[in-house]
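The block underneath contains the structure these notes are about, expressed in structure tokens.
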Amino acid sequence: MAESVLVTRGLTKRYGRTLAVNDVKLNIEKGQIYGLVGRNGAGKTTILRMVTGQTMPTAGELELFGATAPADIVKMRRRTGAMVETPGFYPYLTARENLEYYRLQRGIPGKNTVDEVLELVRLSGAGKKKFKQFSLGMKQRLGLGLALMNHPDLLLLDEPINGLDPEGIVELREILLDLNRQLMTTILISSHILSELSNVADHYGFLDKGHMLEQISAKALEEKCRACLELKVDDAPHAARVLEQKLATRDYEVLPEGVIRLYSHLAEPQNVSRALVEEGVALWSLERRGADLEDYFLSLIGGVHHA
């Protein structure tokens with residue numbers, strides 16, 4: 001059984017009359033890259049602040065590395081690193097000087113720590129360049145370096161790719177994948193840039209207006225979003241036999257209420273409909289289906305709004 005790194009039960013946060021996070025349940029396992037998906041104001045940052053201890057929950061329970069008692073959770077936070085807000089770096093100091101300042105301030109041992117972290121975030125070559133001369137991508141990587149100073153087992157990142165150019169996004173993506181694959185760092189990353197999350201995350205939580213709409217693995221999501229021909233018929237078992245016998249395919253699934261998703265013959269809808277009708281199947285509808293991450297999220301939001 002996989003080890004749970006972060007678990008929340010009924011996690012809730014109110015600000016006056018505003019319910020920012022409502023009864024959120026999470027279970028993030030060791031080695032996962034968990035993408036917390038939601039629009040601005042969905043509650044992503046509030047969840048991360050509760051995990052890091054920057055704000056206290058109104059209700060619910062938090063479990064971190066198996067610890068549930070408040071004093072034990074405080075100790076376990078030493079095993080985490082976070083970039084929830086833009087760190088306050090000094091503009092006239094270099095990357096190395098900024099990190100060395102924070103290393104000494106936080107009492108982090110190891111003279112080589114700063115150089116190791118700069119290597120991890122690909123800033124070893126920054127040399128004598130001052131922070132004020134950094135690009136946005138370099139600033140984000142330095143912020144990530146600060147979060148990695150204590151060699152965390154759990155890394156929490158709030159919108160780290162927001163505002164980055166394509167080159168900066170690719171650099172940050174590669175760094176996160178290296179951390180996960182080589183050091184087995186568990187990562188919780190929030191973003192509204194869904195196309196980029198799909199390049200790193202292996203699990204997702206879809207959040208809207210403080211509610212967790214769905215949690216799903218990347219593999220299961222890929223299956224749900226897989227391109228197909230969706231058929232609605234009067235007799236699904238009969239239609240399935242036709243697909244196998246007349247079209248020589250078993251790449252389909254039968255869903256309730258006479259719905260079949262056919263994953264082959266995508267370019268031949270007319271041949272599919274002809275085969276079914278000729279064999280006496282009443283075909284009520286035939287549509288091409290398939291969605292990317294953003295389409296899927298929007299469909300979830302629409303479902304909630306129209307419930």
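Summary of computed values
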read-out: Segment 152-259, accessible area per residue, ligands and nucleic acids excluded (1.4 Å, Å²); value: 47 Å²
read-out: Ratio of the Cα radius of gyration of segment 39-142 to 2.2 N^0.38 Å, where N counts its residues; value: 1.29
read-out: Diffusion constant of segment 85-125 at 4 °C, which comes from Stokes-Einstein with the Kirkwood Cα-pair radius and 1.567 mPa s, µm²/s; value: 121 µm²/s
read-out: ³J(HN,Hα), Karplus 6.51/-1.76/1.60, whole Hz, each residue of segment 18-29, x for Gly, Pro; value: 8, 9, 6, 9, 10, 6, 8, 10, 10, 8, 9, 9
read-out: Residue with peak Gaussian network fluctuation, the chain [Cα springs, cutoff 10 Å], from 226, 250, 49; value: 250
read-out: Beta bridges by DSSP in the chain, antiparallel share as percent, to the nearest 5; value: 65 percent
read-out: Lysine-lysine proximity count for segment 55-180, Cα under 27 Å, sequence distance 8 or more or distinct chains; value: 9
read-out: Value of relative contact order over the chain, rounded to a whole percent, pairs C-alpha under 8 Å and six or more apart; value: 19 percent
read-out: Over the chain - Rg/Rh using Cα atoms and the Kirkwood inverse-distance radius; value: 1.09
read-out: Kirkwood Rh and Cα Rg combined as Rg over Rh, evaluated for segment 6-92; value: 0.98
read-out: Anisotropy class of segment 212-274 from Cα gyration tensor, a/c 1.5 cut; value: prolate
read-out: Net charge of Cβ neighbours under 15 Å - reference residue 24; Lys, Arg +1; Asp, Glu -1; value: +2
read-out: The chain: calculated mean residue ellipticity at 222 nm from DSSP helix runs of at least 4, using -39500 (n - 2.57); value: -10500 deg cm²/dmol
read-out: Convex hull of segment 127-266 built on C-alpha atoms - directionally averaged projected area, nm²; value: 12.9 nm²
read-out: Stokes-Einstein diffusion coefficient of segment 142-186, Kirkwood radius over Cα pairs, 10 °C, 1.306 mPa s, in µm²/s; value: 143 µm²/s
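The values are calculated or read from the model by the stated rules, or taken from the named source; none is laboratory data. The structure displayed is predicted, hence computed values, not measured ones. When we count neighbours, we look across all protein chains shown, and the Cβ atoms used for this are built from the backbone with ideal geometry, even at glycine. Ligands, DNA and RNA are stripped out before the accessible areas are found, and what is left, the full protein with its side chains, is counted by its heavy atoms. Shrake-Rupley method; radii C 1.70, N 1.55, O 1.52, S 1.80 Å.
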